[in-house]
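Structure record follows, encoded as structure tokens.
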Amino acid sequence: MWAGQYSPSSRSALLIEVTVSKGVAASNLYLIASDGRPVLLPAQGLTGSMRKETRAATETLRVADTLWAWAEVRGLVRESGQYVRSTSRLLERNRLSPGREHELRAAYAQGRRA
């Protein structure tokens, strides 16, 4: 999973997309390959009502953080600090911003809602 072109150089290579359509929020997790191509990770697609947009994003963020921590402990990834951009303009537009990720992460770490 984390080999070759799919070995992320930064935590930002795990892209969280949040969309809202017809009152339903959806959140997906992508791995950005070394060529910038997004790869949808399985078992995602958390959805909820507009009021649940934060919840869907937070749950997907937890999955991303768990995946990153798993790979980091095993020496498969190392944070470079560089921002990894997707070649998909649509995904970049719907991407959860680093600031929003930080806000949601701080909230769930403290056991509260963002």
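The values are calculated or read from the model by the stated rules, or taken from the named source; none is laboratory data. No experiment lies behind these values; they were computed from the predicted model shown. Counting neighbours? That spans all protein chains shown, and the Cβs are built from the backbone with ideal geometry, glycine included. Keep in mind that these areas ignore ligands, DNA and RNA; they rest on the heavy atoms of the full protein, side chains included. Shrake-Rupley method; radii C 1.70, N 1.55, O 1.52, S 1.80 Å.
State the percentage of accessible surface on region 61-114 attributable to carbon and sulfur atoms; use a 1.4 Å probe and exclude ligands, DNA and RNA. Write down the numbers at each step before the final one.
Values: 1960 of 3840 Å².
With neighbouring chains kept in place, the figure for region 61-114 is 51 percent.
With a cut-off of at most 14 other beta carbons within 10 Å, and DSSP calling the residue loop, which GluC sites (Glu not before Pro) in region 56-108 qualify? Please list them. Spell out each step's value before the answer.
Working: sites: Glu59, Glu72, Glu79, Glu92, Glu101, Glu103; in loops: Glu79.
Counting only loop positions with at most 14 other Cβ atoms within 10 Å, the GluC sites (Glu not before Pro) in region 56-108 are Glu79.
Heavy atoms of the protein only, probe of 1.4 Å, neighbouring chains included. What is the accessible area of Asp35 in Å², nearest 10?
80 Å²
Ordering Arg62, Arg100 by accessible area with a probe of 1.4 Å, largest first, what comes out?
Numbers: Arg62 100, Arg100 65 Å².
Largest accessible area first, the list is Arg62, Arg100.
I'd like to check one number: the per residue accessible area of region 75-114, probe 1.4 Å, reported in Å² as a whole number. All intermediate terms of the calculation are to be shown ahead of the outcome.
Working: 3000 Å² over 40 residues.
Result: 75 Å² per residue.
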